[in-house]
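Read-outs throughout are calculated quantities, based only on the coordinates presented, and are distinct from any laboratory measurement. It should be emphasised that the depicted structure is a prediction, and the values quoted were computed from it without experimental measurement. Virtual Cβ from ideal backbone geometry, glycine too; neighbours counted across all protein chains shown.
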Amino acid sequence: MRGKLATVAALVGGSAGAYRLVRRPKPLRSPYSRAPRKVLIVGGGFGGLAALDGLVEDLDGDPRVGAALVDRVNFTTFWPMVPSVISGNVEVRHIAHSIRRRIQPLGAEFVQAEATKLDLEARRVETTDGTFAYDYLILAPGSRTAYLGIPGAREHSVDLKGLRDALRVRNRVIDSFEEAERLGAGAPDELLTFVFVGGGPTGVEAAADTNDLIFDVLEGDYPNVNFDRVRLVLVNSGDRILNGIDPSLAHAAQRRLASQRVEVINDVKVTEVRPDGVSLSDGRDIPACTVVWAAGIDPGPLVAGLDVEKDDRGRILVDEYLRVKNRPGVYALGDCAHMDYDGPPVPALAQAAEQQGLVAARNLAAEIRGDDPPRLTPFRYRPLGQLVDLGTESALTDIMGVRISGRLGALIWRMVYFYELGHNLNRARVLVDWTVDLFTRPDTAKLYEEDM
């Protein structure tokens, strides 16, 4: 049934994409190094790429402007599908796309390097591949996992900030079953216990997809393992999981997880992570060899060392036009920024980063053109909805106030994200993955070693 839903969703999404008319903007024509006005974008995620798209479109081939994008990896990841890597329903390479290939038609340049220091006075960015001068700067470096000062969390857990991390989770689970198969009835409980810390979408999806990996993929390959001993635990510090999502959907998610044998523990914090388990704030200890951390994010070291106004979480303060305060020509968006305005907080979601990227680009283009008076657009977040994958045949969808869960939710989840992949080649590959999944179980081979 899962494969059938996926295939139908893919076909519907593909048909919608085929009929969508896309206006190709005029590309930038000046090489970055020789351009009279240089725009440097730090970060190749949803926000950074949306900013580049918007800037190129608004500048309409302005010959004075050159743009470059810097990122430490040469691919952009479709983050909503990252947890699906755990279960193996989607091949890793099929939810990543070359940044260079993505931006070359726009006339922009790509530099694979990590930005290490920003000198806003001298207008320079130091990277692992040299120093780059700029006239205008857009900061969209994303975030990193926040371990919240919990002893052992960084050393003894796996986070979920990217494709490689999802593969590490998958490999940890497979290794546990390989060891349990060897030990048979003598396998300790902690070897078959998997703890997920964080009750947000990432933690919930990781738990659901790990359940799929264990009971839809691995069961049957390990005859000496008693699968009734498997324990999956989701630890959530709030009074309910998926805070920020409609309560009825959150309750439906908790019921779904319970039916998948995922134990949800609310109103409890992890106080320590050890190689053999975790300690909880209510005094309990849970023996576990595998702990997945999805409990928070922070802006990362690049922003931490920046001399600008910040909020209490270390995020850059920007005005309603996404301009960094007291720093002309510098914009910040996404997880690293906090808007200082009289409005609701902007969530750390891909759709919010994309919207911010487009608005920042529009305002920067007006600045470059020298519009008089300047026609600046204030940012107002327009939530389009939220989707949460709950594994086999189930998902939560809240789109424009229409809330659906279960199998229909799974169909909508796949249809929306298939369409949002945005690249025809990736869509075709994901369609193949889902079609193959209709007839076969995902392979249990470890794709990479843990020390990558």
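See the values below:
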| quantity | calculated |
| --- | --- |
| Segment 214-295: C-alpha gyration tensor shape, a/c 1.5 cut-off, then a/b vs b/c | oblate |
| Angle in degrees between helix 247-259 and the longest Cα principal axis of the chain, rounded to the nearest 10 | 40 degrees |
| Exceeding the 28 Å Cα-Cα cut-off - candidates 117/269; 26/310; 26/161; 117/325 | 117/269; 26/310; 26/161 |
| Structure-based [θ]222 nm, the chain - -39500 (n - 2.57) summed over DSSP H runs of at least 4, per residue, nearest 500 | -10000 deg cm²/dmol |
| Segment 300-346: trypsin sites (Lys or Arg not before Pro) in DSSP loop, at most 12 other beta carbons within 10 Å | 313 |
| Counted charge near residue 131, where neighbours are those whose Cβ lies closer than 12 Å (Asp, Glu -1; Lys, Arg +1) | 0 |
| Value of relative contact order over segment 58-206, rounded to a whole percent, pairs C-alpha under 8 Å and six or more apart | 21 percent |
| Rounded tilt (10° steps) of 424-439 against the dominant C-alpha axis of the chain | 10 degrees |
| Highest average packing first - 124-132, 151-159, Cβ atoms within 10 Å | 151-159, 124-132 |
| Options (i) 19, 39, 27, 14, 1; (ii) 24, 55, 20, 1; (iii) 26, 59, 15, 0 - which one matches P(r) over Cα pairs in 20 Å bins from 0, in percent as calculated here | (ii) |
| Net charge, residue 326 excluded, C-beta distance under 14 Å - Lys, Arg +1, Asp, Glu -1 | -1 |
| Gained length - residue 375 relative to residue 304, 0.36 nm times residue gap less alpha-carbon distance | 22.4 nm |
| Relative contact order (%) - criterion: Cα under 8 Å, at least six apart; region: the chain | 22 percent |
| Folded to 0 to 90 degrees: helix 350-369 orientation relative to the chain principal axis, Cα | 10 degrees |
| DSSP-defined antiparallel bridges as percent of all bridges, the chain, nearest 5 | 45 percent |
| Cα centroid separation, segment 201-241 to segment 82-145 (Å) | 33 Å |
